[in-house]
Amino acid sequence: MSELAEAIGEPPMFVQENHSRSRRGALRGLHAENWEKLIYVPHGEVFTAVADVRPSSPTFGTVETFVLGESNRLKLFL
């Protein structure tokens, strides 16, 4: 079983794949959706902040930050 499947308790099923590019200094936002997302940065580095905006969640309002990119090859599963 893959590390991701083990972490979420089931094999991930990705139904859509998007790729976007940004220039240096761009500010981008991701919308809260009812489906999972796997975020990665194939070139350069990105500072990412994730906030829990679900009012009924015990972690509502919590913010976590990450640096994704070439130096660490981290992927973020939301």
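The values are calculated or read from the model by the stated rules, or taken from the named source; none is laboratory data. Note that the structure is predicted; figures quoted are calculated from it, not measured. Neighbour counts run over all protein chains shown; Cβ positions are idealised from the backbone, glycine included. For accessibility, only protein heavy atoms count, side chains too; no ligands or nucleic acids. Shrake-Rupley method; radii C 1.70, N 1.55, O 1.52, S 1.80 Å.
Which of the residues that make up the stretch 9-47 are of a type in the set (Ser, Thr, Tyr) and either more than 15 Å from the chain's Cα centre (by Cα) or over 19 Å from GLU70 (Cα atoms) (or both)? Steps first, please.
Taking the stretch 9-47 and keeping what is of a type in the set (Ser, Thr, Tyr), we get 20, 22, 40.
Correct list: SER22 only.
Checking each residue of the stretch 38-47 against the condition of being of a type in the set (Ser, Thr, Tyr), part of a loop (DSSP other than H, G, I, E, B) and within 14 Å of LEU74 (Cα to Cα) gives at least one match.
Can you name every residue in the stretch 1-15 that is of a type outside the set (Gly, Ala, Ser) and touching a residue at least 12 places away in the same chain (Cβ under 8 Å)?
Hits for the stretch 1-15 are LEU4, ILE8, PRO12, PHE14, VAL15.
Of all residues in the stretch 50-78, those that are in contact (Cβ under 8 Å) with a residue 40 or more places away in the chain have Cβ atoms under 8 Å from Cβ atoms of residues that are assigned to a loop (DSSP other than H, G, I, E, B) and of a type outside the set (Ser, Thr, Tyr), 6 or more apart or on another chain, in PHE77/PRO12; PHE77/GLU36; PHE77/LYS37; LEU78/LEU30; LEU78/GLU36; LEU78/LYS37. Under the condition of being of a type in the set (Ser, Thr, Tyr) and surrounded by 11 or more Cβ atoms within 10 Å (Cβ to Cβ), which residue from the stretch 38-61 is nearest to GLU10 (Cα to Cα)? Across the stretch 38-61, the extreme among qualifying residues is TYR40. Looking only at residues in the stretch 19-37 that are free of Cβ contacts under 8 Å to residues at least 24 places away in the same chain and closer than 27 Å to PHE60 by Cβ, the one that is least open to solvent (accessible area, probe 1.4 Å) is GLY29.
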